[in-house]
1. Examine segment 160-179 for a residue that is within 19 Å of ILE27 (Cα to Cα), in a helix (DSSP H, G or I) and at pLDDT 95 or above, and state whether such a residue exists.
2. Please work out which residue is surrounded by the most Cβ atoms within 10 Å (Cβ to Cβ), limiting yourself to segment 28-47 and to residues that are at pLDDT 85 or above and farther than 14 Å from ARG64 by Cβ.
3. Of these, ALA141, ALA82, ALA99, which one is more than 25 Å from LEU38 (Cβ to Cβ), of a type outside the set (D, E, K, R) and modelled with pLDDT of 95 or more?
4. Looking only at segment 95-116, decide whether some residue is surrounded by 20 or more Cβ atoms within 10 Å (Cβ to Cβ), in contact (Cβ under 8 Å) with a residue 40 or more places away in the chain, acidic (Asp, Glu) and in a strand (DSSP E or B).
5. For segment 48-69, which positions are part of a loop (DSSP other than H, G, I, E, B) and crowded, with 17+ Cβ neighbours inside 10 Å?
6. Which is farther than 29 Å from GLY114 by Cβ, at pLDDT 95 or above and of a type outside the set (A, V, I, L, M, F, W, C), of GLY21, GLY72, GLY54?
7. Taking LEU126 as the residue in question, decide whether it is at pLDDT 95 or above, surrounded by 18 or more Cβ atoms within 10 Å (Cβ to Cβ) and either assigned to a strand (DSSP E or B) or in contact with a Cys (Cβ under 8 Å, 6 or more places away or on another chain) (or both).
8. Return the residue satisfying two criteria in turn: it lies in segment 80-94 and is over 17 Å from the mean Cα position of the chain (by Cα) and not in a helix (DSSP H, G or I), and of such residues it is surrounded by the most Cβ atoms within 10 Å (Cβ to Cβ).
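The values are calculated or read from the model by the stated rules, or taken from the named source; none is laboratory data. Quantities reported herein were computed from a predicted structural model and do not represent experimental measurements. A quick note on method: Cβ atoms are made from the backbone with ideal geometry, for glycine too, and the neighbour counts reach across all protein chains shown.
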Amino acid sequence: MQNPLYLYGPGHLSALCRHFGGRGIAIVMGEVPVGRDLRQRQGLRVPDLLIAFGVDQDIIVEDRGYSIEKLGKPPDFVLEVASEATGQRDITEKRDDYAAWGIPEYWRYDPSGGLYHGAPLAGDRLAGSVYQPISIVEVDAAHHRGNSDVLGLDLCWEEELLRFYDPAAGHYLRTFYDADNDRIAAEGERDTAQNERDAERMARLAAEERIRELESEIRRLQG
């Protein structure tokens, strides 16, 4: 359930596709089998998130997986979301395979705060044929951040949630949750404005009624 909760629900794949310009520029997929040769089904890995630049998506769809030999290059970026079932493999076997396949960056996100991966957020960058840890900044206990050279984005662990931040533009990639919050805020502003208009109308009607009462009283006194 970790991917629906932390990747698909917030809409990170859609946000990344929009950011990179969609089809033809970047392939952004979840849970796609990856291996040197898909005909050898044993030893394939299925990263929770895969991003690749300059490859043909139709080949991936046709093959139902990412064949490094057929596409001519490995994915540029993979990410695993921690779970009790896969956490240990993420930091051992998968890390070794991704390095051996030449994947430039491998990231790990642990919504539990490090129970399964040992850290809330971790990344590795390929140096030669060996992964070297990417520096992660702990802003505070609830906020961790590291920079992806491959994506040109910061990956953020913020109060258990995964976020992608664009340092060049100075804002987060927008999620479905952001859109919902904007809609709720806009509805709240409309309701507030309508309440203010209704209050003004009631006050005006009350003032007009008071004026009529005073005019009536003046006529009575003058009569």
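1. No: segment 160-179 contains no residue that is within 19 Å of ILE27 (Cα to Cα), in a helix (DSSP H, G or I) and at pLDDT 95 or above.
2. This residue is PRO47.
3. Details: ALA141 fails: modelled with pLDDT of 95 or more; ALA99 fails: more than 25 Å from LEU38 (Cβ to Cβ).
On inspection, the qualifying residue turns out to be ALA82.
4. So far as segment 95-116 goes, yes, one or more of its residues are surrounded by 20 or more Cβ atoms within 10 Å (Cβ to Cβ), in contact (Cβ under 8 Å) with a residue 40 or more places away in the chain, acidic (Asp, Glu) and in a strand (DSSP E or B).
5. ASP48, VAL55, GLY65
6. GLY72
7. Yes, satisfied.
8. Only one residue fits best here, namely ILE91.
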